[in-house]
1. Using R₀ = 41 Å, calculate the FRET efficiency as 1/(1 + (r/R₀)^6) where r is the Cβ-Cβ separation of B:Leu113 and A:Thr57; round to 0.05.
2. I'd like to check one number: the per residue accessible area of the protein assembly as shown, probe 1.4 Å, reported in Å² as a whole number.
3. Please check: in the Gaussian network model of chain B (C-alpha springs, under 10 Å), which one of B:Ser61, B:Ser143, B:Ser120 has the largest mean-square fluctuation.
4. Looking only at A:Gly30, A:Gly259, A:Gly180, which one moves most when chain A is put into a Gaussian network model with springs between Cα atoms under 10 Å?
5. What is the antiparallel percent of DSSP beta bridges lying wholly in chain A, to the nearest 5?
6. Where in chain B are the DSSP H helices whose alpha-carbon span along the long axis reaches 18 Å or more and whose Kyte-Doolittle mean is at least -0.5?
7. Just to be sure I understand the model, the point goes 7 Å from the Cα along the line to the Cβ. What's the resulting B:Phe202 to A:Arg271 distance in nm?
8. Of the heavy-atom accessible surface of the stretch B:2-251 (probe 1.4 angstrom), what whole percent is carbon and sulfur?
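The values are calculated or read from the model by the stated rules, or taken from the named source; none is laboratory data. This structure is a prediction, so every number in the text was calculated from the model and none was measured. Please note: Cβ atoms are built from the backbone with ideal geometry, for glycine as well, and neighbour counts cover all protein chains shown. Just so you know, the surface numbers come from the protein's heavy atoms only, side chains and all, with ligands and any DNA or RNA stripped out. Shrake-Rupley method; radii C 1.70, N 1.55, O 1.52, S 1.80 Å.
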Amino acid sequence: MSIRIEARNLTKRYGETRAVDDLTFTVEPGSVTGFLGPNGAGKTTTMRMILGLDAPTSGSVTVGGRRYADLPSPMRVVGALLDARAVHPGRTAYDHLLCLAQTNNLPSRRIDEVLATVGLTEVARRRAGRFSLGMSQRLGIAAALLGDPPVLMFDEPVNGLDPEGIRWIRQLIRGFAAEGRTVLVSSHLMSEMALTADRLVVIGAGRLIADRWLDDVIGPDDVRGVRVRAADPDAVAALLTTSGGLVTPEPDGSLLVTGLDGARIGALTARHALPLSELIPQRPSLEEAFMELTRDSVQFAARDGGDR
Amino acid sequence: MIGVLRSEWTKFRSVRSTPLTAALTVVLAGGLGMLISRGLGMAYLDATPAEQALFDPTQSSLSACFALAQLAVGALGVISVSSEYGTGMIRTSLTAVPRRGVVLAAKAGVVGLVALAAGSIAVLAGFLLGQPVLRSTGAPSASIGDPHVLRALAGGALWMAAVGLLGVALGILLRATAGAFAVLVAVTLVIPLLADMLPPWFGKWWPPSAGREIFQTVPNPEDMLPPWAGLGLMYAAVAAVFAVAFVVFRTRDA
């Protein structure tokens, strides 16, 4: 059941452009791996190579130790949603799932089961071309689930969805990981990844920038000063400045203090009987941490014209 | 492989365009066949005795098959592939079945059988509806038991299947409906019609020109391959295009 996706020195070149450049990473079971990077960073190309749709220029990627194309019944191993609109618009949702199920000899009861899972039972006989983006997305997820695969891949699954749909997909993805499946989800939005991913594989301009657990993206010591709110801000500012801190008054009347940690500030103000109403270490948001991580590569991508 | 064949059959029957195109094949063969039979029957009456001696009632009633109905069956082959590229479905299909040779074989199998079935009905419709029309104009007519008629009908159905298969291969190579269909029309219709302007050996060896001889029941005075040899050449040519399509399909990014 526990199947890893392993990319080794995966590279895809289009002419001079390196869409994916020497990428090595592993997607582990039982967790959601967020595949994060700005648009054009090579996320979709990488996922297409995992599925054998595009051939790597060099390097390799395997699912459970085998190339995707060598899997005897791939839908029972990997479920993927790359493009929700990659459906014949004239075919009903049921028939779309039927022709996919037949290729891997999946029982037709699975069609009814996955339609129920994604909530499309009512519109199963409707032509997919008349589906909203949200419904198409659900149909794509239904197709991915047909073979009840231990590995799931979603490319930008929340793009274009309404808030309710986004919430639904997040819960679904978290649920898959909780069941022990291997889940890879791409996004260009750090905020989205912060809510769904356990682990981040960050790429920019086709290159690996970071591969770490979400908890480690912001280190415990990664503090950008301490916010202090006091009854007498001027007196506190004077005290902390003389004690070696750098104090910046904020527009809302609080003070941002660097150079002194929270414990030291608390001790100093207590000794001088200056009451504080707030004492909060300022950590960078995940968004900021992500911007920090990708800054160089974003500039590179913009100069380079990006990839597809 | 059985599963992939069943899947391709589901794909064929679950959209409107493909069954409609198959039906159009029969309608063109029958309906237009009657009109053409009428026209050729009238022309027979005004023809010289030498021309009358070469009159071929079977081929006349089947003219609509190798003029237009074959394009419908070819379009069937083209859109069975190009619609997958146009909608992006091809990526879903190739994710479900990454062995591309299997996908191509299953598609060719289903389209080939459907084209053969539609072609058989089309050829029969053209013959059975065309002969009474010829008779009504006063021109000679044929019946199924006459020499070479069964060969023309059976071979004609196989010809239609060949054009359908050519459509599949062109769809794979060109991916877009319009481009693939344009090439199909040029290869199977326009170039054979231009045969008079081309050197005689060209018409003898151009596979669709040679293959169309299968519809002939009165010997052609021009130097052509025998009917089955001509159809064999057509199949060999389709197989060659398929081989190229397979190599391209297997190596190209989807």
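1. 0.55
2. It amounts to 43 Å² per residue over the protein assembly as shown.
3. B:Ser143
4. Judging by the Gaussian network model, the answer is A:Gly259.
5. 65 percent
6. Those that pass (Cα extent of 18 Å or more, hydropathy at least -0.5) are B:33-46, B:70-87, B:100-137, B:149-174, B:227-251.
7. Label-label distance for B:Phe202 and A:Arg271, simple model: 10.3 nm.
8. 73 percent
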